[in-house]
Ligand SMILES: NC(=O)c1ccc[n+]([C@@H]2O[C@H](COP(=O)([O-])OP(=O)(O)OC[C@H]3O[C@@H](n4cnc5c(N)ncnc54)[C@H](O)[C@@H]3O)[C@@H](O)[C@H]2O)c1
């Protein structure tokens, strides 16, 4: 019951890491507003309700500020607080830079980076008024620690998230709001299935812990950062990659 009385919004929570985060926060008794662009947020909410949790499912395309604002208003209207925002929604379409179009670039930056701006901007006045908040941004080892070929747009967006996290942590510290980033290595999700079994196996072989990560393992870190056990952590980048970036 580490998050009893807390209200959380999770983006991209219809599947994968976001879904695991939403469920993990609910298991710690947070009320969770599960959002996604697909409609699958409803399934995640069903799972939360079946576990005895509380929440709301709302459709949200993070690239549209007015949608993010509406989600924040509905959350506040329903639960009277917004304590935790997890900016998880993200896309990772591989494309060599030589073939990359302006549209390819804009799409990734809009979802992965502008989306973080939109959702954070939408909730910030509530958190400032409460003098309490936990903002957790799902970055990646890509762009923050290492580069990845065919992911220039993605790496730029995740490096951008790290810079944003650090600057915002400084601005919001006086208001009791912490801002942190999490950098996963390879985590098996519906999104990473597109990498293909061969690439996944190769990545796993190169990982000191010898396997890919599970969405629930990322969710555990996020739950910790969202809790009062992490009160003195802000502006941090927490790497969760089975040791992949050590070698
Ligand atoms: N899985 C990994 O190996 C890995 C590694 C590092 C970082 N990450 C990051 O973790 C996050 C989640 O990744 P995942 O593997 O679970 O991916 P996923 O593709 O399985 O899930 C991503 C979710 O985001 C949603 N989404 C996409 N565009 C959206 C938009 N415009 N508005 C709202 N929601 C949108 C999708 O509908 C989907 O439900 C991403 O930010 C990703 O970059 C993942």
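The values are calculated or read from the model by the stated rules, or taken from the named source; none is laboratory data. Treat the numbers as computed from the prediction; the structure is a model and nothing was measured. We place every Cβ from the backbone using ideal geometry, glycine too, and count neighbours over all the protein chains shown.
What to note about this one:
- When the residues of segment 109-157 are filtered to those that are assigned to a loop (DSSP other than H, G, I, E, B) and within 13 Å of the chain's Cα centre (by Cα), the one that is farthest from residue 30 (Cα to Cα) is 140.
- Checklist (1) farther than 24 Å from residue 124 by Cβ; (2) near the ligand (Cβ under 8 Å from one of its atoms) applied to residue 18, failing item: (1)
- Flag for residue 171 being within 14 Å of the ligand (Cβ to nearest atom) and in a helix (DSSP H, G or I): no
- Residues in segment 92-111 that are closer than 23 Å to residue 238 by Cα, free of Cβ contacts under 8 Å to residues at least 60 places away in the same chain and within 10 Å of the ligand (Cβ to nearest atom): 108, 111.
- Failed item in (1) surrounded by fewer than 21 Cβ atoms within 10 Å (Cβ to Cβ); (2) more than 10 Å from the ligand (Cβ to nearest atom), with residue 114 passing the rest: (2)
- Residue match in segment 181-202 (condition: part of a helix (DSSP H, G or I), closer than 21 Å to residue 146 by Cα and within 16 Å of the chain's Cα centre (by Cα)): yes
- Qualifying residue in segment 229-245 (condition: touching a residue at least 60 places away in the same chain (Cβ under 8 Å) and out of contact with any strand residue (DSSP E or B) (no Cβ under 9 Å at 6 or more places or on another chain)): yes
- Tally, over segment 133-148, of residues that are more than 9 Å from the ligand (Cβ to nearest atom), farther than 26 Å from residue 81 by Cβ and in contact (Cβ under 8 Å) with a residue 60 or more places away in the chain: 3
- Of 11, 38, all but one fail to be closer than 19 Å to residue 177 by Cβ, within 18 Å of the chain's Cα centre (by Cα) and within 13 Å of the ligand (Cβ to nearest atom); the exception is 11.
- Any hit, segment 149-167, residues being modelled with pLDDT of 95 or more, closer than 23 Å to residue 85 by Cβ, in contact with a helix residue (DSSP H, G or I) (Cβ under 8 Å, 6 or more places away or on another chain) and away from the ligand (no atom under 14 Å from the Cβ): no
- For segment 161-194, a residue qualifies if it is more than 19 Å from residue 20 (Cβ to Cβ), in contact (Cβ under 8 Å) with a residue 12 or more places away in the chain and surrounded by fewer than 20 Cβ atoms within 10 Å (Cβ to Cβ), and the qualifying residues are 162, 166, 169, 170, 173, 175, 176.
- Only listed residue being within 16 Å of residue 90 (Cα to Cα) and in contact with a helix residue (DSSP H, G or I) (Cβ under 7 Å, 6 or more places away or on another chain), chosen from 189, 234, 223, 207: 189
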